[in-house]
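> Mind looking over this structure? Questions follow.
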Amino acid sequence: MRTESKTIFLLTLTAVMIVALSSCSLTKGKAAGEQAVAQFHNQLNAGQYHEIYAQSDEGFRKAGSEADAVALFEAVRRKLGTVKNSTETGWHVNATTAGTMVSLAYDVEFSEGKGTEQFVFAITGDKALLFNYNVNSPLLITK
């Protein structure tokens, strides 16, 4: 093989390996986020609001006090009830040199009605830490 051909081959092989490793990382990030959503729902249903806050990413904790987060979780539980079923409706993984963020969207059936949730998790190692949480339902306003 000529030197030029070897160089092209090595560059192509390197690019293929980078893409393969990146897609594996993206898949792992999504799976970690999905596991974190299941844990969040279990903790929300059990009233473990302090634990949700304590286990969240530093960015979540900096965005608001524990008292504010607990008040939000209590309102969700009081107005919507417990999570009965959730269906993932969308996801996005953003991997940069600053870190990996996973966004997941869900349609949720609560014991008192329906709503939607959006989660953003910061991936740290093999763990997904809650970075942002948004819940929406007419019952949050009318009940």
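The values are calculated or read from the model by the stated rules, or taken from the named source; none is laboratory data. Quick caveat, the model's predicted, so the values are computed rather than measured. Don't worry about glycine lacking a Cβ; one is built from the backbone with ideal geometry, like all the others, and counts go over all protein chains shown. For accessibility, only protein heavy atoms count, side chains too; no ligands or nucleic acids. Shrake-Rupley method; radii C 1.70, N 1.55, O 1.52, S 1.80 Å.
> Can you tell me which of Phe9, Phe60 is outside any loop (DSSP other than H, G, I, E, B), modelled with pLDDT of 95 or more, farther than 25 Å from Gly113 by Cβ and among the aromatic types (Phe, Trp, Tyr)?
Phe60
> Something else about it: Mind counting the residues in the range 102-114 that are farther than 19 Å from Ile52 by Cα, in contact with a helix residue (DSSP H, G or I) (Cβ under 6 Å, 6 or more places away or on another chain) and assigned to a strand (DSSP E or B)?
Residues that pass the stated criteria total 1.
> Answer yes if at least one residue in the range 25-45 is open to solvent by less than 60 Å² (accessible area, probe 1.4 Å), in contact with a Phe, Trp or Tyr (Cβ under 8 Å, 6 or more places away or on another chain), at pLDDT 95 or above and part of a loop (DSSP other than H, G, I, E, B), and no otherwise.
No, the conditions are met nowhere in the range 25-45.
Residue-by-condition table, conditions (1) touching a strand residue (DSSP E or B) at 6+ places or on another chain (Cβ under 8 Å); (2) part of a helix (DSSP H, G or I); (3) not basic (Lys, Arg):
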residue	(1), (2), (3)
Ala69	no, yes, yes
Arg77	no, yes, no
His92	yes, no, yes
Thr100	yes, no, yes
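> Which one of Glu117, Glu109 is touching a Ser or Thr at 6+ places or on another chain (Cβ under 8 Å), open to solvent by less than 30 Å² (accessible area, probe 1.4 Å), at pLDDT 95 or above and of a type in the set (Asp, Glu)?
Exactly one of Glu117, Glu109 is touching a Ser or Thr at 6+ places or on another chain (Cβ under 8 Å), open to solvent by less than 30 Å² (accessible area, probe 1.4 Å), at pLDDT 95 or above and of a type in the set (Asp, Glu), namely Glu117.
> Could I ask something else about it? Could you say whether any residue in the range 63-70 is without any contact (Cβ under 8 Å) to a residue 12 or more places away in the chain and within 18 Å of Leu139 (Cα to Cα)?
no
> What number of residues within the range 124-142 satisfy the criterion of being in contact with a Ser or Thr (Cβ under 8 Å, 6 or more places away or on another chain), open to solvent by 40 Å² or more (accessible area, probe 1.4 Å) and among the hydrophobic types (A, V, I, L, M, F, W, C)?
2
> Just one of the numbered conditions (1) surrounded by 14 or more Cβ atoms within 10 Å (Cβ to Cβ); (2) over 11 Å from the mean Cα position of the chain (by Cα) is not true of Glu58; which one?
(1)
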